[in-house]
Amino acid sequence: MVKYRKFKQSDIIPACKLITATYKKYNRREGSKAAINKYLNQFDPKIISQEKLEERFARATIAYVATDNKKIIGLIRGRKDRLVTLFVDGSYHKKRIGKKLAKLFEIEAKKIRGKIIKVRASIYAVPFYQKIGYKKTTGPRSFHGLKIQPMKKNLIK
């Protein structure tokens, strides 16, 4: 059974594994090889110290995980105005886990007076974000060599 809870510091390494495995599987063609490796290296505990990973994850003031039998299968993190990371293990896609994580994120953002959430969506994730109410703000862009689609969602209607 899938459970949702706030992110804890002890989740960092399993979260990094989820991010890298999922990104490699679904986003490997969304940028130059060098740009993709640079992105993935940000979450590699063999390259980045535990302290640096803790600093990186601490920048997110809103963060939740989805777990199944205590294994992290989904992660969302960001700030009241920016969704930075949303990953769901591929074997759990289309099971509303990403949607539930996004809803938890939006509720928390509203509590701290967030009005708009922006996201640099991967090209793969654009249809998902559109289904949950995000709109494209421009055409696709390059962000540090990665193909992204800027999107946003108004929290106040």
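Relative contact order for the range 50-137 using alpha-carbon pairs under 8 Å, separation at least 6, rounded to a whole percent?
Details: 104 pairs, mean separation 20.9, N = 88.
Contact order relative to length: 24 percent.
Filter the chain for me: DSSP H helices, axial length by Cα at least 20 angstrom, mean Kyte-Doolittle hydropathy not below -1.0. List them by residue number.
Values: long enough: 12-26 (21 Å, 0.41); 97-111 (21 Å, -0.26).
Membrane-span-like by this criterion, though nothing is claimed about a membrane: 12-26, 97-111.
Could you pull out the pairs from Lys3/Lys33; Lys8/Lys110; Lys25/Lys71; Lys110/Lys157 whose alpha carbons sit more than 23 Å apart here? Kindly include the intermediate steps, with their values, before the conclusion.
On the way: Lys3/Lys33 35 Å; Lys8/Lys110 21 Å; Lys25/Lys71 19 Å; Lys110/Lys157 12 Å.
Over 23 Å Cα-Cα: Lys3/Lys33.
Restricting attention to the alpha-carbon atoms of the range 99-141, what are Rg (one decimal) and Dmax (integer), both in Å?
11.2, 31
At each listed q (0.14, 0.18, 0.21 Å⁻¹), what is the log10 of I(q)/I(0) that the Debye formula gives for the chain modelled as equal alpha-carbon point scatterers?
With one equal scatterer per Cα and no solvent, log10 I(q)/I(0) is -0.68, -1.19, -1.60.
Per DSSP helix of 4 or more residues, -39500 (n - 2.57); summed, then divided by the residues of the chain. What does that give at 222 nm, rounded to the nearest 500?
On the way: 5 runs with 54 residues, N = 157.
Result for the chain, helices only: -10500 deg cm²/dmol.
Quick note: the coordinates plus some simple rules give every number you see, no bench work behind them. From a predicted model like this one, the values you see are computed outputs, not experimental measurements.
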